[in-house]
Amino acid sequence: MGHLLTLLFCSTPGYGIQLHSNGVRVLQDIGVYERLLPRATKCRSIVLRAYDTDRVMHKQDLSELESKYGAPVLTVHRAHLRECLYEAAVTAGAQIQMGTDIAASSIDMVNGLVTPCETGEDGGSSYDIEADLFIGADGIGSAVRAAMIGRETDINPHGQVVNRMAVDKSAVQAIPSLRQFVDESGICLWMGPSGHVVLYTLHGTMYIAYVQPWSSSLQDAFFGPQKVGLADLALALQGWDPRLHTLIGLSPDGNCERRMLFEPPSHEISWVNDENKFCIVGDAAHPILPYLSQGAAQGLESISVLSYLLGKAKSSDDFPKCLSLYQHIRKERVGHVSRASRKSGRLWQSADGAVRQERDQELLSSEAPTVGHPNLLADPFFQCWLWEFDARNAVDKVWQADK
């Protein structure tokens, strides 16, 4: 069955992201990989460092991933990924409606009707859209999810914030003590008490993200980005590798962007409404804390699974089966990834003391990583389970079993 696809698109800004092999494979499947590759950077390694001594605790070679899993690990800017997906959708014949804004109150769950508002300089104009199925990929503040559960999702601060900035690669390369970060062309992570710093390269820019502890009280919550001066960041990083202070000092405007991390909504929430007219994917359904860099990859996996399922539908009468199997395939896996991400965060952010010593001892071991390794991405069993996922095979397996 062929489907007529209309995309209601409202772009949002963003920084760079990591895309692991499981997410990159989806882009290969839909023909976007070759279009994206010139704008992306292949990562050669993941290097874990001690926050205070700068000692390399573990280096994971990523050079063989492409032959092992069929796809590399990439860093890419969100805007470039969206642009390539947009171009592919247009080429495939999708109708695109730009600049649309949708509120939960404008969604008719029972009848499958949405009344978006087109924004512009002269205000907005409303119109109705009817469809056999609406797919809400509208992010962590999803209006579709709010309409499905009849309320806004509970807001619970995670107790951490992430500070992001971008610095010019040539400025980093000009400083001898920093040059190795350019030459490594990988992902560098400093593991600190209750926080960590990630550094990676994307063409002419190097991106820095510092996750630090914060109040978990709702009274102290803030929404959207905040500009923060470098003095605040330097104070929070007292006692950390001096080269980090040199790096953040290269910020072109003397500021970074701070965002609060929130607890993901319960996975008990249904991703499909009772009438099978609406479903949610990606961060709208399953936002994941950033400690495994799997948010984008899991979103791509989910929409790929849903796409293959809908491709098997002979008519819209098969949509309920497709949506039921979509949740069956995705909920358990995403739940495992979400829990693993939390575990990874706890391991990276171990406080000084016995737990950190045990972690570091295992990281420094000359033995090959095995099950339970502190770097989960180097654990051969978890790595294989995470990065070998194939949406088409997963769908074929459950579709046959459900006949």
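The values are calculated or read from the model by the stated rules, or taken from the named source; none is laboratory data. Treat the numbers as computed from the prediction; the structure is a model and nothing was measured. FYI the Cβ positions are ideal-geometry reconstructions off the backbone, even for glycines, and counts take in every protein chain you see. All accessible areas refer to the heavy atoms of the entire protein, side chains included, with ligands and DNA or RNA removed. Shrake-Rupley method; radii C 1.70, N 1.55, O 1.52, S 1.80 Å.
Structural remarks
- Solvent exposure of region 29-162, expressed per residue, is 51 Å² of accessible area, with all protein chains present and a 1.4 angstrom probe.
- Prolate/oblate/rounded call for region 268-402, Cα gyration tensor, a/c under 1.5 rounded: prolate
- The listed peptides 164-176, 357-369, ordered by packing as a protection proxy, come out as 164-176, 357-369 (highest mean of other Cβ atoms within 10 Å first).
- Gyration tensor verdict on region 338-391 (Cα atoms; rounded if a/c is under 1.5, prolate if a/b is larger than b/c, oblate otherwise): oblate
- Compared with the rule-of-thumb size 2.2 N^0.38 Å for a compact globular protein, region 52-157 has a Cα radius of gyration ratio of 1.60.
- Helix 295-311 axis, angle to the chain major axis (alpha carbon atoms, nearest 10°): 30 degrees
- When the solvent-accessible area of the chain is split by element, carbon and sulfur atoms take up 50 percent of it, the probe being 1.4 Å.
- Debye intensity ratio I(q)/I(0), log10, the chain, q values 0.06, 0.10 Å⁻¹ (C-alpha model): -0.25, -0.72
- Annotation: per residue accessible area for region 192-233 equals 45 Å², rounded to a whole number [probe 1.4 Å, protein chains only].
- Value of relative contact order over the chain, rounded to a whole percent, pairs C-alpha under 8 Å and six or more apart: 19 percent
- Under Karplus coefficients 6.51, -1.76 and 1.60, residue-wise ³J(HN,Hα) of region 221-227 in Hz, glycine/proline x: 6, 9, 10, x, x, 10, 7
- 14 Å Cα-Cα reach of K42 towards aspartates and glutamates, excluding residues that sit fewer than 8 places from it in its own chain: E34, D61, E64, E66, D183, E184
- Hz values of 3J(HN,Hα) by residue in region 85-102 - Karplus curve (6.51, -1.76, 1.60), Gly and Pro given as x: 5, 4, 4, 5, 5, 5, 4, 6, x, 5, 8, 10, 10, 7, x, 9, 10, 10
- Taking the charge dipole of the chain about its Cα centre, with +1 at Lys and Arg Cβ atoms and -1 at Asp and Glu Cβ atoms, the residue from L233, A89, M148 reaching farthest to the positive side is L233.
- Nearest 10 degrees, 0 to 90: helix 319-348 Cα axis against the chain principal axis: 10 degrees
- Across K59/K227; K331/K397; K68/K277; K343/K397, pairs whose alpha-carbon gap is larger than 28 Å: K59/K227; K68/K277; K343/K397
- Extension gain for S63 to E83 (0.36 nm times residue separation, less C-alpha to C-alpha distance): 4.5 nm.
- 5 angstrom amide H check on G139, placed H, neighbours 5+ away: D283, A284
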